[in-house]
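I have placed the structure first, in the form of structure tokens, so that the comments after it can refer back to it.
The values are calculated or read from the model by the stated rules, or taken from the named source; none is laboratory data. This one's a predicted model, so the numbers in the text were calculated from it and none came from an experiment. Ideal geometry is used to build each Cβ from the backbone, glycine not excepted, and the neighbour counts take in all protein chains shown.
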Amino acid sequence: MEPAREFLTGILEGFYGRAWPLATRLAYADYLQQAGLNTCLYCPKADAFLRKQWRRDWPPLQWRQLLDLSSAYRQRGLYWGVGLSPFALYQQYGPPQREQLRRKIGRLAELDAPLLAILFDDMPGDLDALASRQAEIVADVMGWLPGVRVLVCPTYYSFDPVLERFFGRMPAGYWPQLGRDLPRAADIFWTGNRVCSEAITRADIEPICAQLGRPVVLWDNYPVNDGAVRSNFLYLDKLPRREALPATLVAGHLCNPMNQGLLSLPALAGLSELYHGDKGSGAGAWLERSIGSATWTQLQSDRQAFQELGRAGMGEAHCQALAERYRALPGSAAREVAGWLLGEYSFDPACLTD
């Protein structure tokens, strides 16, 4: 499928911690199609072969699963791809490293996927030549994969000062230089004013587009709940406080879902409504069916507590009692709720050292 410069809407599986099962990833091809969305990027932080072990190949079973995913989305006319995080490659990018990257890209080409993301997020960034080195890497990748749409996540992907606190001082002029040096066809991810932005408006996006000299693709960290604080909650509202922005500012809008795949569907219904209006509002019709009628009904009673009090606020005894109630309900979504209530998705700091 030729990756036309279509507006991308959908998900990127880009969270830390417990990853989705294959069945959920395959089911999302149907969910996205029913919601009128068109894109899925596979880039879970738990896949070491996309991050610190990126030079290694996937074991046969995992590779077969990636081939199956690519085929499932291709058959439905959806855009699918992976997000490669060549960890700290930009710190030393000479002929041996370039050849290692070329081999990895050659392997990824076998997936016959229309999208590829090169992700420089969550890595040390205090290197004066950061923008030019990253642009060089991306230009090489695009030369090896003509016809594939490439998206790039900068090391500093938000105005949020927390990024410099964790990943070092941002080089002066990083964003303007990245915009100048990256190939014009490369898309650039942006999460908004914060890593997890409460709102995303035109006024929020115009400043970064001016610096980059191009539209951005929104990497929307709603409803993701993989962090130490956010893993305490389930975010079950539709996409909140977002504006549908023009193509001059935004070339796509992808949501980073929760570790609980089925419970992320309400946010996706909201994304559909945001860009498809009245047509998109019909996308919610599959929510009850996909989540399960009994579970959907029970969630209407509990969603406020799950979103506002969280597990800690509800208390262990109440969580245990609710878990038993959800365990008695049929379907994967009910199992996701029960697992969350029992602490099976609790934040593990070890997930950040992949």
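Being in the same structural domain as Gln53 (by TED's automatic domain parsing), more than 18 Å from Pro44 (Cα to Cα), among the charged types (D, E, K, R) and over 22 Å from the mean Cα position of the chain (by Cα) narrows it down to one residue among Arg194, Arg149, Arg102; which is it?
Values: Arg194 fails: over 22 Å from the mean Cα position of the chain (by Cα); Arg149 fails: over 22 Å from the mean Cα position of the chain (by Cα).
The match here is Arg102.
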Of (1) under 21 Å from Gln34 (Cα atoms); (2) buried (at least 20 other Cβ atoms within 10 Å of the Cβ); (3) hydrophobic (A, V, I, L, M, F, W, C), Trp286 satisfies all except one. Which? (2)
Please go through region 1-24 and pick out each residue that is touching a strand residue (DSSP E or B) at 6+ places or on another chain (Cβ under 8 Å), surrounded by 22 or more Cβ atoms within 10 Å (Cβ to Cβ) and within 23 Å of Val152 (Cβ to Cβ). Leu8, Thr9, Gly10, Ile11, Leu12, Glu13, Gly14
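From the residues in region 73-87 that are of a type outside the set (A, V, I, L, M) and not in a loop (DSSP other than H, G, I, E, B), which one is surrounded by the fewest Cβ atoms within 10 Å (Cβ to Cβ)?
Residues of region 73-87 of a type outside the set (A, V, I, L, M): 73-77, 79-81, 83, 85-87.
The next check asks that each one be not in a loop (DSSP other than H, G, I, E, B); those that pass are 73-75, 79-81, 83.
Numbers: Tyr73: 28, Arg74: 17, Gln75: 9, Tyr79: 24, Trp80: 28, Gly81: 26, Gly83: 24.
For region 73-87, the residue satisfying everything is Gln75.
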Starting from residues that are out of contact with any helix residue (DSSP H, G or I) (no Cβ under 8 Å at 6 or more places or on another chain) and over 25 Å from Arg230 (Cβ atoms), keep the ones in region 286-316 and report whichever is modelled with the lowest pLDDT. Arg289
Test set (1) outside any helix (DSSP H, G or I); (2) more than 28 Å from Asp68 (Cβ to Cβ); (3) aromatic (Phe, Trp, Tyr) - Tyr90 fails condition number: (1)
Condition test on Gly81, is it without any contact (Cβ under 8 Å) to a residue 12 or more places away in the chain and in the same structural domain as Met142 (by TED's automatic domain parsing)? no
Mind telling me which of the residues Arg56, Arg25, Arg18 ends up being among the basic types (Lys, Arg), modelled with pLDDT of 95 or more, touching a helix residue (DSSP H, G or I) at 6+ places or on another chain (Cβ under 9 Å) and outside any helix (DSSP H, G or I)? Arg56
Could you check region 94-130 and list, in sequence order, the residues that are crowded, with 18+ Cβ neighbours inside 10 Å and either in a helix (DSSP H, G or I) or hydroxyl-bearing (Ser, Thr, Tyr) (or both)? Leu101, Lys104, Ile105, Leu108, Leu130
